[in-house]
Amino acid sequence: MSQLSFVWKQFLNLWHSLIYSLTWRNALDIAIVAVLVYQVVKLIRQTRANSVLKGLFIFLAVTWLSEVLGLSALNWVLLQVVNIGLIMLVVLFQPEIRRGLEHMGRYSIKGGLFIPSDRSRIEGDKIVKEMTDALVSLSRRKVGALIVLEQHTGLEDILPSGTRLDAEITAALLENIFEPNTPLHDGAVVVRAGRIHSAGCVLPLTENTALSRELGTRHRAAIGISETTDAVVLIASEETGILSVARDGRLTRHLDARSLTALLTDLYAPAAPEKRSLRERLFSRKEAAK
């Protein structure tokens, strides 16, 4: 009996024991496995790992078919590949494995914690206004901009690629940084704890091949950093002036001043839970559950 047939037989035996001797422990076991499979599928969806996984299933099907048809030489070669499959999977899915572990390591799933606890609501509102004014102005003038708002996952690996500023957030400073033909305009600004930490930073590009060709390097860089961290990234398009936000590997476009203000307020100046309306509290819980 080949290794593939042995694994398949073991799987059938396991399934038979779970279904025909179902207890609350087995039901819990199945539920946990189902959730894990769902999270894995969600993680690799619309990434290159999706195509690799399809290719892996095809490879296993061919291996099984070669055994059924008695193609000994082909079956032997394919089984040798299967024997080292674990190492191959680690190499092929390295970016996705890293992203999954980073997601697991995040100790909070709700935003709104960019600001230190001693920062007042007034200061938060000032940051929201200055950042909104800057992005709306840049959008109107069709000046490209890329602003990374650090959350819980540290961005220490990209900060050395830029120039440290450690400056207060003002609309004038942000507009000046992204002004064309200036030294720092072509990189990303990183905001940490309510201050401009660095400018001119280089971000990793996403490897998602399903993105529209209309999206340029600035948008791909924004999606790339949001895939591997929990950062919120704001983008102003140089070609169209459209404002966008990248979060958790997803891009939302066509933001206006109102939606941008709401987004930044939720991050930098969230209202106390008791002061929020029922609709706002339900919306926040829904966002946290995503």
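Things worth noting here:
- Count of residues meeting criterion [in contact with an Asp or Glu (Cβ under 9 Å, 6 or more places away or on another chain) and outside any strand (DSSP E or B)] in the range 151-174: 9
- Listed by first and then second residue, the pairs linking a residue in the range 212-234 that is in a strand (DSSP E or B) to a residue that is among the polar types (S, T, N, Q) and surrounded by fewer than 23 Cβ atoms within 10 Å (Cβ to Cβ), with Cβ atoms under 8 Å apart and 6 or more places separating them unless they lie on different chains, are Val232/Gln151; Val232/Ser226; Val233/Ser226; Leu234/Ser244.
- Look at the range 131-152: where a residue is in the same structural domain as Ala188 (by TED's automatic domain parsing) and without any contact (Cβ under 8 Å) to a residue 60 or more places away in the chain and a partner is surrounded by 23 or more Cβ atoms within 10 Å (Cβ to Cβ) and assigned to a helix (DSSP H, G or I), sitting 6+ places away or on another chain with Cβ atoms under 6 Å, you get Ala134/Leu174.
- Search result, residues across the range 237-290 that are in a helix (DSSP H, G or I) and at pLDDT 50 or above: Ala257, Arg258, Ser259, Leu260, Thr261, Ala262, Leu263, Leu264, Thr265, Asp266, Leu267, Tyr268
- Just so you know, in the range 65-80 the residues that are of a type outside the set (A, V, I, L, M) and surrounded by fewer than 16 Cβ atoms within 10 Å (Cβ to Cβ) include one that is nearest to Val41 (Cα to Cα), and it is Gln80.
- Considering the conditions (1) under 20 Å from Leu264 (Cβ atoms); (2) touching a Gly at 6+ places or on another chain (Cβ under 7 Å), Val202 is excluded by exactly one of them, (1).
- Within the range 128-143, the residues that satisfy the criterion of being under 26 Å from the mean Cα position of the chain (by Cα), part of a helix (DSSP H, G or I) and within 14 Å of Ser237 (Cβ to Cβ) are Leu135, Val136, Leu138, Ser139.
The values are calculated or read from the model by the stated rules, or taken from the named source; none is laboratory data. Not measured: the values here are computed from a predicted model. Reconstructed Cβ throughout: ideal geometry from the backbone, glycine too, with neighbour counts over all protein chains shown.
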